[in-house]
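Below: the structure, in structure tokens.
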Amino acid sequence: MESPFKAELLKGKVALLTGGASGIGYEISVQLGKHGASVAVMGRRKHVIDSAVEALRSQGISAIGFEGDVRKRDDAARVLESTLKHFGRLDILVNAAAGNFLVPSEDLSPNGFRTVIDIDAVGTFTMCHEALKYLKKGASGKNSAAGGSIINISATLHYTATWYQIHVSAAKAAVDSITRSLALEWGTDYDIRVNGIAPGPIEDTAGFSKLLPQEMLSKPKEQILVSKLGKKWDIAMAALYLSSDAGKYINGTTLVVDGGEWLTKPAYFPKEAVKQLSRAVERRSRDKPVGVAKSKL
């Protein structure tokens, strides 16, 4: 799809994206790069990172990748420092790393709950905290986005309640709170804008395959959890808007990009079906990389 933004929209900017080597994060990496930004991607799987960086560079994007776990402060500090050494600055941080799986709350262990909280919420805060000293160096001028921009990828699951998503709903509620608190403090003190994006159901993503596996797509329409699917491109366009001067007066907002899907009543399907689907999806996830295949780029 053709972008409505000018190609030089982010010329001279540098962006670091956690989870930027696959799924929604990768598409945001592509679009930031196509609009002039230099891009660094961070993730836990080297082969996925290497493939993504190669694909980004094949499109003329200045890109580099780093292994790292957002749950580990040392990894966060190392990746941020390496990004600065390579590109000389940091203007945009996108926190897209996330964990998710379907499970009834009675079957969810405290460790499983904690893992998602650690990746989504603690990881988001850790990356923001470690990035602050680099982002605030660019804070100058009240009429531009020079102070830097942070975008936290959230969700709409917690706006009402979502079946078998207690862990992710709690984590994303925390992410939204982090976004508002940092926007208040850092927007005032350092001219750094902190916003979020809450995607709806996005086709061709690992998250979508876990929340609505292929087995469910064969069900009658009235049993399908969603009525309208978005594209990764839709989320990337929102990220472009928020990270550019076009969004310079937006701070502390989580932009819902879901076609209004969250306004509909959550659908239900039986617990046993959830257990069977979750096991099938997790087996598929273990059997093949979740990263972006070159042939699909």
Options V79, V70: the member that is over 20 Å from L9 (Cα atoms) and touching a Ser or Thr at 6+ places or on another chain (Cβ under 6 Å): V70
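Each row is one residue, and each column tells you yes or no for (1) part of a loop (DSSP other than H, G, I, E, B); (2) among the hydrophobic types (A, V, I, L, M, F, W, C).
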residue	(1), (2)
V41	no, yes
F66	no, yes
D74	no, no
L84	no, yes
G99	yes, no
G112	no, no
Report, by residue number, each residue of the stretch 232-252 that is out of contact with any helix residue (DSSP H, G or I) (no Cβ under 6 Å at 6 or more places or on another chain) and not hydrophobic (A, V, I, L, M, F, W, C). D234, S243, S244, D245, K248, Y249
Checked against (1) among the aliphatic types (A, V, I, L, M); (2) modelled with pLDDT under 95; (3) over 30 Å from E106 (Cβ atoms), A239 satisfies every condition except (2)
Answer residue from the stretch 34-48, given it is within 19 Å of the chain's Cα centre (by Cα) and touching a residue at least 40 places away in the same chain (Cβ under 8 Å) and is farthest from M1 (Cα to Cα) among those: R45
Residues of the stretch 45-64 being assigned to a helix (DSSP H, G or I) and of a type outside the set (V, I, T), in sequence order, are K46, H47, D50, S51, A52, E54, A55, L56, R57, S58
Among the residues that make up the stretch 62-85, is at least one of them in contact with a helix residue (DSSP H, G or I) (Cβ under 6 Å, 6 or more places away or on another chain) and closer than 20 Å to W233 by Cβ? yes
Name, by its number, the condition in (1) at pLDDT below 75; (2) among the hydrophobic types (A, V, I, L, M, F, W, C); (3) not in a helix (DSSP H, G or I) that does not hold for M216. (3)
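Given the structure, is V122 in contact (Cβ under 8 Å) with a residue 12 or more places away in the chain and within 22 Å of T254 (Cβ to Cβ)?
Values: in contact (Cβ under 8 Å) with a residue 12 or more places away in the chain: yes; within 22 Å of T254 (Cβ to Cβ): yes.
For V122, the condition - in contact (Cβ under 8 Å) with a residue 12 or more places away in the chain and within 22 Å of T254 (Cβ to Cβ) - is met.
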Within the set of pairs 6 or more residues apart or between chains, which connect a residue that is under 11 Å from W233 (Cα atoms) inside the stretch 5-31 to a residue that is in a helix (DSSP H, G or I) and of a type outside the set (G, A, S) with Cβ atoms less than 6 Å apart? I24/K232; I24/I235; E27/K232; Q31/L240
Residues of the stretch 153-199 that turn out to be of a type in the set (A, V, I, L, M) and assigned to a helix (DSSP H, G or I), as a count: 11
Residue in the stretch 173-208 that is farthest from I92 (Cα to Cα), counting only those that are surrounded by 23 or more Cβ atoms within 10 Å (Cβ to Cβ) and in contact with a Leu (Cβ under 6 Å, 6 or more places away or on another chain): I197
Do you know which residues across the stretch 155-164 are farther than 21 Å from D234 by Cβ and either among the small types (G, A, S) or surrounded by 19 or more Cβ atoms within 10 Å (Cβ to Cβ) (or both)? A161, Y164
How do the pairs read when you match residues in the stretch 172-185 that are farther than 21 Å from D118 by Cβ with residues anywhere that are among the β-branched types (V, I, T), using Cβ under 7 Å and keeping only pairs 6 or more apart or on different chains? A183/V194
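The values are calculated or read from the model by the stated rules, or taken from the named source; none is laboratory data. Remember, it's a predicted structure, so these values are computed and weren't measured experimentally. Neighbour counts run over all protein chains shown; Cβ positions are idealised from the backbone, glycine included.
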